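Accompanying notes for the structure given below.
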Amino acid sequence: MANTATVDELGHSPEVRGKNYLNQTAGVWSWLTTVDHKRIGIMYLVSVLVGFGLGGIFALLVRLELLTAKKTIMDASQYNQAFTLHGAAMVFLFIIPSIPASLGNFFLPLMIGAKDVAFPRLNLLSLYLYWIGAIFMLAAIVTGGVDTGWTFYVPYASGVSTTSVISATFGVFVMGFSSILTGLNFIVTLHKLRAPGMSWYRMPLFLWSLYATSIIQVLATPVLGITLLLLIFERAFHIGIFDPTLGGDPVLFQHFFWFYSHPAVYIMILPGMGVATEILATNSQRRVFGYKAIAFSSVAIALVSFLVWGHHMFVSGQSELSSAIFSFLTFFVAIPSGVKMFNWLGTLWGGSIRFTVPMLYGIAFLFLFGIGGLTGLFLGMLSVDLHLHDTYFVVAHFHYVMMGSTAIAFFGGLHHWWPKMTGKMYDEKLARVGFALTFIGFNWTFFTQFILGTRGMPRRYYNYLDQYQPLHAFSTYGSWVLGLGFLITFICLARSLKTGAPAPANPWDSATLEWQTQSPPITENFEKAPIVTLDAYERPAEETA
Amino acid sequence: MSAKAEALGGAEETKLSPQFHVAHHFDKADTQFDAGRMGVWLFLVTEILLFGGLFCAFAIFRSKYFPSFVEAHHHLDRVMGGINTIVLISSSFTMALAVRSAQKNEKKKTTLLLAITLACAAMFLVVKYFEYSHKIHDGLLPGGNFTAADFASGHPGIFFAIYFMMTGIHGVHVVIGMGLILWILLRNQKNEFSSRYYAPVENVGLYWHLVDLVWIYLFPLLYLVG
Amino acid sequence: MRLDPIELGSFWMPKQSSTIAQEIDTAWYIVYWLDVVMFVGLMVPLAYFMYRYKRRTAKDKVSDVTHSTTLEITWTIIPSIMVIGLFFVGLSGWMKAMVAPGNALEIRTTAEMYMWTFTYPNGNVSVNELVVPKGQPVKLIMSSKDVLHSFFVPEFRVKQDVVPGTYTTVWFEATENRDTILFCTEYCGVGHSDMMARVRVMEKADYDTWQETGLMPGEKPLPPAELGKKLYATRSCNTCHSLDGSRIQGPTFKGVFGRTEQIADGTSVKVDENYIRESLLEPNKKVVSGYPAVMPTYKGLLKETDIDALIAYLKTVQ
């Protein structure tokens, strides 16, 4: 220590060395009242991981029940609650807030060289709203469960189900506000708080994807809010809007619901695409190929996402003309998605690729999103959808997109940014084992379901025909491998907190701004406000020479 | 912030400093002010979409049950609705003036104008209360609770479902708006606003104009057109 | 209900048993092979790049090409043309599936939790069994009594939601003289997965005979108790009433005849011919205590001879 210079290689003076946002203040209260986006991001991270664990347990129970064609471990009503809670927990507690609210909250200000998001207190309010919503949803579990499916279709949800639908939907309603406020915060932050020199086209592409996501959150979520409010009033006071016996229209609910929930699909996938871009760029050691194409395709997906909700309703009884228009528009989501795919490959071309743990997740993302995206074409085709709608083919397709793409990108991002967030390196070998089991288990579980689906196996079936049993059992075995993979990943990450080596500021040799401060960052993010002089992913001249 | 305040030597100077009320993560007061206003505008967009769902439902059911909507809307009190429209537009006007006087450092005038705005909002709710109790008395209620007998067309309950949902959610917004106006009124009393810092007044004003605007669409659609 | 399995026509798909199945399968295989080609087209370069550009040294020379407008335009336009093509492939098959031929046989279909009721043009009714003639277009005019359901016959490749408060239609022309299965594919509650039914496809002449006499091809009139046993299964009594004493939705039929049951209003009743008859026609008049009043009425759905047969059968269940 004798010959330590006053300023280290990152320009940190001795005063801030050893200080970071984690040890600045201590105690539970300092966390619960914090307005630091990094701490809020960490609290979101812990919360969404709990949500993921909860949804995962329900998923394993559902798969276990489907091991045999008749009763295995639970009765039909318990099974219906299990798949409902699996879906609701995964969608509302995990995927929607997962990347934006945890990784996004933590890294968005860092990546644009800001000290915080535009409205730090509003950010904390979002977290509290998320918790309050989650409590209502958990309350529904202990006060009778929910058995409507995560889509809450009427009239079953409004009149027939005897479970705690109101508590669950109210929870989702409250969480909607959390989502809106986070989106609003991000949009304003990106507009107003970019560091000097950080022009729009110098931003890392993760931020473009978060920007597109935020637009959807702000524009679509209010419609979910009003829909759920109407559903709650329908159930509590029989206002009749959705009740056919009172002149209401159950199909209207589906229109309202999917007007939000289809864009919500892109709330889930766009951030995943952004994370994948960061991972691929960092580990290819080169500038992203087709920066503007990737950036604009995110925005294009966000805009098109508002025009395609009717493709969930080809067989719902909506007019034939609507179905034809929705099908046509649906295919145009494929174009920007394809453009992204090609540009990611372009980024690998001519790079210097390292197979770090995050990179493995990044490549798995390309593989799984390829399958998830391409199988979407089947469902967009009007005639083919007649056969595949509401079968296991749909289940397999959206798990490839939601879990295979978003969740894999989320865990990739977690491994990518873990050293920055916690200041610890994890055990790479164990992380690779966790990854391998997850990847194998995932394909094992869900590729099987494509076959089940085309053979006619309907969704949400407790009992099923004996002929589907071998494939169902095969899928269930896969789910155990998948579960084990995640368990190992969790153990690996948790262990690193205790035994991990201290992380350097930039372990992956990444070019983006968040790596230019220490790990973990200080509360103010940067000791000196950064001034950006390089393009996105560009490295200083002596490095690239 | 506190160090700066001391350096400037007292509370008065602090308020006149361009850095007054600037949070640490903004580079200057203008950025913070712009950011706040942008946030509020975005929030107003979400509000419009929230009501947008109900306007869609209105349009769909109106085309489906046109005779019933025509018949049902005759049961709404146009006079009361009209009074409320005038009351709300006046309150928007006084709100706008309040923002202006806050900008001009006219504290007492601001207080007075905010108080008038509050009074108008309260009057709106009182009129709404009489309208609601009249409807409840006549059994003109949503869907399954509809009990009024002398209707020739089917499904008037749907009209009243939409009426109560739209005016009810609007009413909740009026109540929230009153809370916000009261909040800035109290802050104004504590000398917190000046020509250098009046963002909360302006932002609450924007919200209040939206509440007014929604009613300006609700009134003709529900009371006049049906 | 024992159902025969759905027969597979290929690794992926069930057999094609309707006139539109082939076109839908063709569309399916077009997108399938297109997907396979595209996926391989993406993964081969991916694998090659992973091998070719694997980091050798820390100072690897990396490409400084950041974009190519020509490439971007190419890989926007070509996929656009492909997906527009796919749209029209999908549209053409779907148009056929949407428009029923004018001479279609219309069958009124009612879905409820958790059974299917089919009413034929001459007033005959069948429950959880759809009987259709081969080689004639059949149009189902469907509505639901309670929540959303969906009509799906995998072998026919047709699906349509059944919505309360409105009519939806679906049509098909069966091409195989064979039984198959229809599923409910819109989640409808506890019994959703039991809401399957048999689709019996038969020659036109056999269909006419069945309409006339209620006898399936090769069937002789049954003695009452045996007819009752058959009705027990075909009219879904078995979804709620067990034969082995176990409790399902309703009281077990084991030893039901002659038993004295406690009624929900406090009175009791001895199960005799009249009570069984009343319970079939007005099921919720005297509900056995402790059971939900959920049984649908069979008024108009059972012939007098059917009721007699069920009574005769219940006497034998001990």
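Remarks
- Of all residues making up the stretch A:305-331, the number that are within 22 Å of the chain's Cα centre (by Cα) and assigned to a helix (DSSP H, G or I): 7
- Residue match in the stretch C:50-67 (condition: in contact with a helix residue (DSSP H, G or I) (Cβ under 8 Å, 6 or more places away or on another chain), surrounded by 12 or more Cβ atoms within 10 Å (Cβ to Cβ), more than 7 Å from every other protein chain (Cβ to nearest Cβ) and part of a helix (DSSP H, G or I)): no
- Hits in the stretch B:185-198 - residues which are in contact (Cβ under 8 Å) with a residue 40 or more places away in the chain and either touching a strand residue (DSSP E or B) at 6+ places or on another chain (Cβ under 9 Å) or over 15 Å from B:N105 (Cβ atoms) (or both): B:L185
- Verdict on C:E155 being crowded, with 24+ Cβ neighbours inside 10 Å, in contact (Cβ under 8 Å) with a residue 60 or more places away in the chain and charged (D, E, K, R): yes
- Residues of the stretch C:109-133 that turn out to be over 23 Å from C:L215 (Cβ atoms) and either outside any strand (DSSP E or B) or in contact (Cβ under 8 Å) with a residue 60 or more places away in the chain (or both), as a count: 4
- Test: residue in the stretch A:138-156 that is of a type outside the set (K, R), away from chain C (no Cβ under 14 Å) and under 30 Å from A:V117 (Cα atoms): yes
- Residue, farthest from C:A312 (Cα to Cα), within the stretch C:252-265, restricted to residues that are in contact with a strand residue (DSSP E or B) (Cβ under 9 Å, 6 or more places away or on another chain) and touching a residue at least 24 places away in the same chain (Cβ under 8 Å): C:A264
- Flag for A:G456 being crowded, with 22+ Cβ neighbours inside 10 Å and not in a helix (DSSP H, G or I): yes
- Scoring A:I232 on the criteria (1) of a type in the set (V, I, T); (2) surrounded by 24 or more Cβ atoms within 10 Å (Cβ to Cβ); (3) under 21 Å from B:M165 (Cα atoms) leaves a single failure, condition (2).
- Restricting C:M50, C:M113, C:M43 to those that are closer than 21 Å to A:S284 by Cα and in contact with a strand residue (DSSP E or B) (Cβ under 9 Å, 6 or more places away or on another chain) reduces the list to C:M50.
- Filter result for A:I267 (within 23 Å of the chain's Cα centre (by Cα), more than 12 Å from chain B (Cβ to nearest Cβ), in a helix (DSSP H, G or I) and β-branched (V, I, T)): yes
- Given (1) free of Cβ contacts under 8 Å to residues at least 12 places away in the same chain; (2) more than 9 Å from every other protein chain (Cβ to nearest Cβ), number of the condition C:P45 does not satisfy: (2)
- Some residue of the stretch C:93-108 being of a type in the set (V, I, T), touching a strand residue (DSSP E or B) at 6+ places or on another chain (Cβ under 7 Å), in contact (Cβ under 8 Å) with a residue 24 or more places away in the chain and not in a loop (DSSP other than H, G, I, E, B): yes
- Entry remark, the stretch B:108-130: residues being charged (D, E, K, R) and surrounded by fewer than 17 Cβ atoms within 10 Å (Cβ to Cβ) number 2 in total.
- Members of the stretch C:8-22 found to be crowded, with 19+ Cβ neighbours inside 10 Å, within 7 Å of chain A (Cβ to nearest Cβ) and either under 25 Å from C:G85 (Cα atoms) or out of contact with any Gly (no Cβ under 9 Å at 6 or more places or on another chain) (or both), listed by number: C:M13
- Test: residue in the stretch A:319-327 that is more than 14 Å from chain B (Cβ to nearest Cβ), among the hydroxyl-bearing types (S, T, Y), in contact with a strand residue (DSSP E or B) (Cβ under 6 Å, 6 or more places away or on another chain) and in contact (Cβ under 8 Å) with a residue 40 or more places away in the chain: no
Here's the yes/no breakdown for (1) touching a strand residue (DSSP E or B) at 6+ places or on another chain (Cβ under 6 Å); (2) part of a loop (DSSP other than H, G, I, E, B):
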position: C:T166; (1), (2): no, yes
position: C:C188; (1), (2): yes, yes
position: C:V201; (1), (2): yes, no
position: C:K220; (1), (2): no, yes
position: C:A225; (1), (2): no, no
position: C:K230; (1), (2): no, no
position: C:N238; (1), (2): no, no
position: C:L243; (1), (2): no, yes
position: C:G250; (1), (2): no, yes
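- For the stretch A:341-357, a tally of residues being more than 7 Å from chain C (Cβ to nearest Cβ) and surrounded by fewer than 22 Cβ atoms within 10 Å (Cβ to Cβ) returns 2.
- The test for being of a type in the set (V, I, T) and more than 10 Å from every other protein chain (Cβ to nearest Cβ) does not hold for C:V89.
- Check on A:S496, modelled with pLDDT of 95 or more, over 30 Å from C:H67 (Cβ atoms), in a helix (DSSP H, G or I) and touching a strand residue (DSSP E or B) at 6+ places or on another chain (Cβ under 7 Å): yes
- Subset of the stretch A:155-193 [surrounded by fewer than 20 Cβ atoms within 10 Å (Cβ to Cβ), of a type outside the set (S, T, N, Q) and outside any helix (DSSP H, G or I)]: none
- Residue check, A:I95 touching a residue at least 12 places away in the same chain (Cβ under 8 Å) and among the β-branched types (V, I, T): yes
- Any pair with Cβ under 8 angstrom, 6 or more apart, that starts in the stretch A:225-246 at a residue that is more than 10 Å from chain B (Cβ to nearest Cβ) and charged (D, E, K, R) and ends at one that is crowded, with 22+ Cβ neighbours inside 10 Å and not in a loop (DSSP other than H, G, I, E, B): A:R235/A:A157; A:R235/A:S158; A:R235/A:V165
- Matching helices (runs of 4 or more DSSP H) fully within the stretch A:72-150 where at least 1 residues are charged (D, E, K, R): A:120-142
- Looking only at residues in the stretch C:232-245 that are within 14 Å of C:V317 (Cα to Cα) and within 25 Å of the chain's Cα centre (by Cα), the one that is modelled with the lowest pLDDT is C:A233.
- Annotation note: of A:L360, A:L303, A:L270, the sole residue that is out of contact with any Cys (no Cβ under 7 Å at 6 or more places or on another chain), surrounded by fewer than 22 Cβ atoms within 10 Å (Cβ to Cβ), within 24 Å of C:I73 (Cα to Cα) and not acidic (D, E) is A:L303.
- Criterion (under 46 Å from the mean Cα position of the chain (by Cα) and of a type in the set (D, E)) met by exactly one of C:D64, C:D35, C:D60: C:D35
- Test: residue in the stretch C:196-212 that is facing another protein chain (nearest Cβ under 9 Å) and crowded, with 19+ Cβ neighbours inside 10 Å: yes
The values are calculated or read from the model by the stated rules, or taken from the named source; none is laboratory data. As the structure is a computational prediction, the values presented were derived from the model and not from experiment. All Cβ positions, even for glycine, are placed from backbone atoms using ideal geometry, and neighbour counts span all protein chains on display.
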